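What follows draws every value from the coordinates through simple rules; no lab data is involved. Just so it is clear, the structure is predicted and the values come from calculations on it, not from any experiment. Here the Cβ positions follow ideal geometry from the backbone for every residue, glycine too, while neighbour counts run over all protein chains shown.
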Ligand SMILES: Nc1ncnc2c1ncn2[C@@H]1O[C@H](COP(=O)(O)OP(=O)(O)O)[C@@H](O)[C@H]1O
Ligand SMILES: [Mg+2]
């Protein structure tokens, strides 16, 4: 279980650009939850994921994972139990290293600072088997440098790397937003498959309302640094886009605006 | 005048030998530069201080009567400490990579003077690792060609360092270092402390550089506090020449390219000097010109042919 307790994050504090990106945000995530997150641009969705992953220190509040207070744990230590996929396909892999070298770093996590060989016959066999089960055609390209792959292939690879060692929490930040629609569908179904098969607790930010409604068991909406809507169970299962937009307007007294949001 | 432009085969062979010796012994330094600039993507200027540091430490210990092998080993440790210093300035004190290196390099100038107690330490009539090796082999093999001690030792030693570096870069920790230079965000999210990775890389890099300094001091017969000036440019020249001629398809090829680049660099300098159009004091200028050519040549090449080859650019990073 993950608990976010009264989290505040202010960027550029005491300057004209002061920005209260997370404003008293609290959230309780149950084991096995697959939460989709929507919200307008600048609502603080990425900031929330970055705070959980430890990219920067938060100003106040606590983050608790399975009873352990991880608020002050550095990012690389949290990586032992948090997997991430970013929006930018360039961010999740090391471009000038090969597919098998990238997989090796994910496979070794969190013991990446050892003097054993990064690759051997055994590992190559495991990676090949792993890639064979995926519709990517990468199983025969283990020694290809990742920079030669398409955005979709890199994003799928990042997803595999993030989940290879089952994380306690998987953070996906609009990880299909930069892909063409066909590839986005492929990466999305791969996401659902991996998450369900391994029962990984997941938070997925998306600007695609249809995905947000269809995927996962819980939907939260963020607005101005806090959670303004938390839909679960039966209500989530029967939710539609118009009802979602309606609900937002009722709650906030304003229209849901995000020019990037896809309603279809 | 015109006949000055031609060199005979009798001049060429010794020139090739000399360039090979220098290319290999300075190649160890270039491998150190390769670690920071190419692997870690860290512009480390400690080099100009850690190279003479190695020379100063080794020379001082040798004239105090220590075993040259021991002296050379201590030089490596001293360089490693200098690298750690730059690494800590950058990661703990949050000083930029360039400035961290400059600060260490500048303080090393005073430290090197302290170590030697004077600006220059001659090694005339001192035993060096080369004299020890040459004596050893002459004993077991009376017709040992002592004039080739340097080249034989340098080939074995430079290749040994290259192979060790290749192996290191294929370990899990080596992967972590490479990814730290390639995509720090990615490797942090795989659980690596990128600060630690940087410090380890700088330690190894400056260790190699000081080692090279120690070998050069014994090779040329003295350590001088000013011998570090321009080392970084020579190192970069070797790395860039190697990269543009041999590419970076694998680590094995990259590091081999660095050594060959170092040789080609020394040879082209020797060639230019032998034309007698330039004199020895023009060396640093020539070095800078070689680097400028190596940096800009790929771009001219690209104007004519869209190159599919990737790799890091030094010109604008
Ligand atoms: N590293 C940062 N430095 C300064 N401001 C930031 C940073 N990250 C996000 N912000 C600001 O915080 C607010 C929330 O951003 P973000 O969490 O990225 O929104 P989104 O919901 O679109 O992902 C925005 O106003 C953004 O400009
Ligand atoms: Mg965002």
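With the largest listed first and rounded to whole Å, the semi-axes of the equivalent ellipsoid of chain B from the Cα gyration tensor are 30, 26, 19. Please list, by residue number, everything in the range A:166-201 whose backbone N is under 11 Å from a paramagnetic label point 7 Å out along Cα→Cβ of residue A:130. What the label zone holds, given the 11 Å backbone N cut-off, is A:166.
Values of log10 I(q)/I(0) for the protein assembly as shown across q = 0.05, 0.11 Å⁻¹ run -0.29, -1.03, by the Debye formula with one identical scatterer at each alpha carbon and no solvent. Between the alpha-carbon centres of the range B:71-132 and the range A:19-37 there is a gap of 51 Å.
Judged by the mean number of other Cβ atoms found within 10 Å, the most tightly packed of the peptides A:220-227, A:176-183 leads the ranking A:220-227, A:176-183.
For peptide B:172-185, what's the mean number of Cβ atoms from other chains within 10 Å of each residue's Cβ? All intermediate terms of the calculation are to be shown ahead of the outcome.
Working: counts 13, 7, 4, 12, 7, 1, 6, 9, 1, 2, 8, 10, 1, 8.
Other-chain Cβ atoms within 10 Å of each residue's Cβ, averaged: 6.
Translational diffusion coefficient, Stokes-Einstein: compute it for the range B:1-160 using the Kirkwood radius over C-alpha pairs as Rh, at 25 °C and 0.890 mPa s, and state it as an integer in µm² s⁻¹.
Working: Rh = 18.0 Å.
It comes out at roughly 136 µm²/s.
For the segment A:74-86, counting C-beta atoms of other chains within 10 Å of every residue's C-beta and taking the mean gives 4. Starting from the Kirkwood radius over alpha-carbon pairs of chain A, derive D by Stokes-Einstein at 20 °C in a medium of 1.002 mPa s and give it in µm² s⁻¹. This corresponds to a translational diffusion coefficient of 111 µm²/s.
What does the average come to when, for each residue of peptide A:98-107, you count the partner chain Cβ atoms lying within 10 Å of its Cβ?
Working: counts 1, 0, 0, 5, 7, 0, 4, 10, 4, 2.
Counting Cβ atoms of other protein chains within 10 Å of each residue's Cβ and averaging gives 3.
Take the Cα of residue B:96, step 7 Å toward its Cβ, do the same at residue B:252, and the gap between the two points is 4.0 nm. The Cα atoms of the range B:71-192 define a convex hull whose projected area, averaged across directions, is 11.0 nm². In whole angstrom, note down how far apart the Cα centers of the range B:277-291 and the range A:99-168 are. Value for the Cα centre distance between the two parts: 47 Å. GNM remark for chain B: springs join alpha carbons under 10 Å apart, and the peak mean-square fluctuation among B:247, B:191, B:87 falls on B:191. Centre-to-centre separation between the Cα atoms of the range A:188-214 and those of the range B:221-247: 52 Å.
If the viscosity is 1.002 mPa s and the temperature 20 °C, what translational diffusion coefficient in µm²/s does Stokes-Einstein give for the range A:96-225 when Rh comes from Kirkwood over Cα pairs? Show your work: numbers first, answer last.
Numbers: Rh = 15.9 Å.
D = 135 µm²/s.
Using every pair of distinct Cα positions in the range A:23-147, the Kirkwood expression returns a hydrodynamic radius of 17.2 angstrom. The spread of Cα positions in the range A:95-166, taken along each principal axis and listed from longest to shortest, comes to 31, 23, 21 Å.
Cα convex hull of the range A:156-264: how many Å³ per residue?
Working: hull volume 12.4 nm³, N = 109.
Roughly 114 Å³ of hull volume per residue.
The range B:158-298 gives an Rg/Rh value of 1.02, both radii derived from C-alpha positions and Rh following Kirkwood. Rounded to the nearest 0.05, the FRET efficiency derived from the C-beta distance between residue B:245 and residue A:80 at R0 = 51 Å is 0.75.
Of the residues B:28, B:233, B:272, the one that moves most in a GNM of chain B with alpha-carbon contacts below 10 Å is B:272. Ordering of B:39-48, A:189-198, A:87-96, B:176-185 by packing is B:39-48, B:176-185, A:87-96, A:189-198, highest average first (other Cβ atoms within 10 Å, averaged per residue).
A Förster distance of 51 Å, applied to the separation of the beta-carbon atoms of residue A:62 and residue B:127, puts the FRET efficiency at 0.20. The sum of -39500 (n - 2.57) across all DSSP H runs of n ≥ 4, divided by the residue count of chain A, sets its helix-only mean residue ellipticity at 222 nm to -10000 deg cm²/dmol. What the pair-distance distribution of the range A:172-212 shows, using all Cα-Cα distances binned every 5 Å from zero, is 6, 22, 33, 26, 11, 2 percent.
Between residue B:69 and residue B:185, what FRET efficiency comes out of the Förster formula 1/(1 + (r/R0)^6) with R0 = 51 Å and r the beta carbon distance, rounded to 0.05?
Numbers: r = 43 Å, r/R0 = 0.85.
Computed FRET efficiency for residue B:185 and residue B:69: 0.75.
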